[in-house]
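What follows is a single structure, written as structure tokens, with notes after it.
The values are calculated or read from the model by the stated rules, or taken from the named source; none is laboratory data. Owing to the predicted nature of the structure, the values given are computational and were not obtained by experimental measurement. We place every Cβ from the backbone using ideal geometry, glycine too, and count neighbours over all the protein chains shown. Just the protein is used for accessible areas: all its heavy atoms, side chains included, with ligands, DNA and RNA removed. Shrake-Rupley method; radii C 1.70, N 1.55, O 1.52, S 1.80 Å.
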Amino acid sequence: MNHLLIDADILLFKASAHSEKPIEWTEGFWTMHGFEDDALLYFNNRLTEWKDRFETEKVTLCLTDTENWRKEVLPSYKAHRKATRKPLILPVVRQKLIDNYDAVIWDTLEADDVLGILGTEPTDENRIIISEDKDLKTIPCSLYNPEHKTLTENSEFQADYWHMFQTLVGDATDGYSGCPTVGPVAATKLLGFAFDQASMWDLVTSTYRKKGLGEEEALIQARVARILRFEDYKKEEVSLWTPPITS
């Protein structure tokens, strides 16, 4: 049975933004309005589209908690997002998803983490993550990108590769820097020499050292870049990522 794991954060934002309409009441006087019915219609249309595509009614909506475990590892994580304006009715629609769709929220976890844990949980179901977020490439699971309409199956090696790739290049959107001056081209070239996770980590740490940083700095970046998998979350507690043993 196909079981769709939906990145509800992205869908919620798009639905709420879609519902916004500026209105000019008199010349030069504008207000912004959010139309709840429009947002929910947009949301339901996307859900119906994906259910039809994968011939299933089983879906789980995953939302981000208000607290974030990554801030304990790196206090600057996503700190810059506080100043970004969110769509007007996003909090209202979010509550609708919780009340009417049984959306899943786990303490201190981002939606990505919940998706990663559920996507790697041992099960007889065929679980498919639906998200446009590139971070989900770090999960060894089926991933459908609705923006590009592509379905991919990431192996554990590929997922580990993308985790180490993110550790090198960082993510300015999420507020972690990665290794100084190392961009996507350099990271791709470096990791092209790796054959398993241990050799990837050797390459990552040696690159950090060349930039005047140590393994501790690399580990902080790797831990915040890590999207949790089933083995990383036991008894409602996050197990921080531990590097593989290297020779």
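Dividing the Cα radius of gyration of the stretch 57-112 by 2.2 N^0.38 Å, with N the residue count, gives 1.29. Applying Stokes-Einstein at 25 °C and 0.890 mPa s to the Kirkwood radius of the stretch 1-140, computed over alpha-carbon pairs, gives a translational diffusion coefficient of 148 µm² s⁻¹. Considered as an equivalent ellipsoid built on the Cα gyration tensor, the stretch 1-75 has semi-axes of 31, 23, 7 Å, the largest given first. Counting 0.36 nm for each residue step from T242 to E153 and taking away their Cα separation leaves a gain of 29.6 nm. Taking the charge dipole of the chain about its Cα centre, with +1 at Lys and Arg Cβ atoms and -1 at Asp and Glu Cβ atoms, the residue from T138, L219, L63 reaching farthest to the positive side is L219. Between the amide H of R127 and those of H3, distances stay under 5 Å, these residues lying 5 or more places away or on another chain, with hydrogens modeled in the peptide plane.
With Cα atoms as the point set, the stretch 66-151 shows a radius of gyration and Dmax of 14.9, 43 Å.
Packing-based ranking of 16-28, 160-172, 115-127, 94-106 yields 160-172, 115-127, 94-106, 16-28, ordered from highest to lowest mean Cβ neighbour count within 10 Å. Can you send over the carbon and sulfur percentage of the accessible area for the stretch 125-247, probe radius 1.4 Å, protein chains only? C and S fraction of accessible area: 55 percent. Pair-distance distribution P(r) for the stretch 109-213, from all Cα-Cα distances in 10 Å bins starting at 0: 14, 41, 34, 10, 1 percent. Dividing the convex hull volume of the alpha carbon atoms of the stretch 193-232 by its residue count gives 78 Å³ per residue. Over the stretch 45-95, with every protein chain in place, what whole percent of the accessible area is carbon and sulfur at 1.4 Å, could you tell me? Result for the stretch 45-95: 51 percent of the exposed heavy-atom area is carbon or sulfur. Using the 1.4 Å probe convention, the accessible area of the stretch 1-103 works out to 61 Å² per residue with neighbouring protein chains retained. For the chain, the relative contact order comes to 20 percent (Cα pairs under 8 Å, sequence separation of at least 6). Cross-linked pairs K14/K189; K71/K210; K96/K234; K86/K134; K58/K234; K211/K235: Cα-Cα separations exceed 31 Å for K14/K189; K211/K235.
Structure remark: mean-square fluctuation, Gaussian network model of the chain, C-alpha springs under 10 Å; the largest value among F29, F54, F13 belongs to F29.
Plainly put, the chain has a radius of gyration that is 1.01 times its Kirkwood radius, both from alpha-carbon atoms, as the Rg/Rh ratio. Short-range pairs are left out: with C-alpha atoms under 8 Å and at least six residues apart, the relative contact order of the stretch 1-46 is 36 percent.
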